[in-house]
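Only one structure is covered here, and it is reproduced in the block below.
The values are calculated or read from the model by the stated rules, or taken from the named source; none is laboratory data. Just so we're clear, the structure is a prediction, and the values are computed from it rather than from any experiment. Backbone-built Cβ (ideal geometry, glycine too); neighbour counts: all protein chains shown. The accessibility values were calculated without ligands, DNA or RNA, using every heavy atom of the protein model including side chains. Shrake-Rupley method; radii C 1.70, N 1.55, O 1.52, S 1.80 Å.
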Amino acid sequence: MSAEIFEKVNQVLQDIEISSPSNTEELEAFRIKYLGSKNSIKPLFGEIRNIENERKKEFGQLVNAVKQAAEQKFSSAQDALESQSESASASDLDLSAPAEPFALGSRHPISITQNRIVDIFSRIGFTVSENREIEDDWHNFTAMNTPEDHPARDMQDTFYLQNSTEMLLRTHTSSVQARVMTKTQPPIRIIAPGRVYRNETISARAHCQFHQVEGLYVDENVSFADMKQTLLYFAQEMFGQGTKIRLRPSYFPFTEPSAEMDVSCFICNAEGCNVCKYTGWVEILGCGMVDPEVLDRCGIDSKKYTGFAFGMGVERQAMLLYGINDIRLLFENDVRFLKQFTSAL
Ligand code: DAH
């Protein structure tokens, strides 16, 4: 009698050992059969009362071994299935699939405009010379022949560093002229783009920070005609080949003679619109022959050398080119505004 039961239990053990659940359904069936609440091992424990006493212990151990074999088989089959599905998803990786779209930014309209200006002048031999935004009084004013009592030096117009009468935020890129001329002898042919600061009330037309591009050309025999031709070339590259220029006499402490330059209005074709205020002309820069006093202060022999200089605002040109009517938009960095601009430069 007990031999039969032993055989039956051994048969169950064998069944467990040879079974190999290879998918989740088979694994679940295995679990229900051997480990579930109505599993087929449980009744085997009940058979113990039919075993003769001497073999009860042996039988108990055998049924326990069956139970353990079922548990082990289950967990190893489960592990195998899990790692199988992991490697399946690894092979599902499509290495040729396009990458997640990456949102590209766009260049700021000030950078676009400034890059265009730099590009135009570098084509005729001007090199870029950048310098500090925190300047001393000498480079910003004194070297540029701006007298002590000039209104530009006033606290109202200039941001001085705290507790300083000497250090300031440069009010124009003309300070770079002094930086370059005190370090280099002619020939000098540079443009200096950069940010400048003035203590202005912020409005649609004015800001306390803006950008300028300065130009300086010093050599023997540099003439006013050279300046005119250079600026005409610039205006036509920037605003279109049909553009005309007009020089109006003006005053700057660092140039003599000085002029302001207008370009024919490219918005209305000089016919008159609200951008050119119905004059047909828009002002874009100040210029002139470098005052000999400036050359001397910077250590350049004014008997031997002459030069011309100019300074232009970048925001103004950006606003003209893009039809932007409020300078504050250029500094707010609202993405809805910025993403309208694209450029190869
Ligand atoms: N620095 C002047 C300004 O900020 C602009 C300027 C005028 C620069 C004439 C020059 C120049 O180099 O020659 O208004």
Based on the alpha-carbon set only, what is the convex hull volume of the range 44-159 divided per residue, in Å³?
374
In whole Hz, what ³J(HN,Hα) sequence does the range 280-289 give by Karplus (6.51, -1.76, 1.60; θ = phi - 60°), x for Gly and Pro?
x, 10, 10, 7, 10, 7, x, 7, x, 7
Count charges around Val282 for me, please; just the other residues with Cβ under 15 Å from its Cβ, Lys/Arg as +1, Asp/Glu as -1.
+1
Rounded to the nearest 10 Å², what accessible area does Cys268 show when all protein chains are kept and the probe is 1.4 Å?
20
Using the Karplus curve 6.51 cos²θ - 1.76 cosθ + 1.60 with θ = phi - 60°, work out ³J(HN,Hα) for each residue of the range 196-203 in order, rounded to whole Hz, and write x for Gly and Pro.
10, 9, 9, 7, 9, 6, 6, 8
Rounded to the nearest Å, what's the spacing between the alpha carbon centres of the range 238-265 and the range 131-163? Just the number, please.
25
When the helices in the chain are scored as -39500 (n - 2.57) per DSSP H run of 4 or longer and the sum is shared across all residues, what 222 nm value do you end up with, to the nearest 500 deg cm²/dmol?
-12000 deg cm²/dmol
Which value results when the Cα radius of gyration for the range 222-301 is divided by 2.2 N^0.38 Å?
1.27
Filtering GluC sites (Glu not before Pro) in the range 232-271 by DSSP loop and by at most 12 other Cβ atoms within 10 Å leaves Glu271
Express the relative contact order of the range 2-90 as a whole percentage, based on alpha carbon pairs under 8 Å and six or more residues apart in sequence.
40
Whole-Hz Karplus couplings 3J(HN,Hα) for the range 325-332, θ = phi - 60° and coefficients 6.51, -1.76, 1.60, Gly and Pro as x, run 9, 9, 4, 4, 4, 6, 10, 7
Set Lys228/Lys339; Lys42/Lys73; Lys8/Lys42, cut-off 25 Å on Cα-Cα distance; pairs above it are Lys228/Lys339
Output the relative contact order of the chain, whole-number percent, from Cα pairs under 8 angstrom with separation of 6+ residues.
15
Label point 7 Å out from Asn39 along Cα-to-Cβ: which residues of the range 73-112 have amide N under 13 Å?
73-76
Estimated distance in nm for a label pair at Asp296 and Glu54, the labels positioned 7 Å out from Cα along Cα-to-Cβ:
13.4
Percentage of interatomic Cα-Cα distances in the chain larger than 38 Å:
46
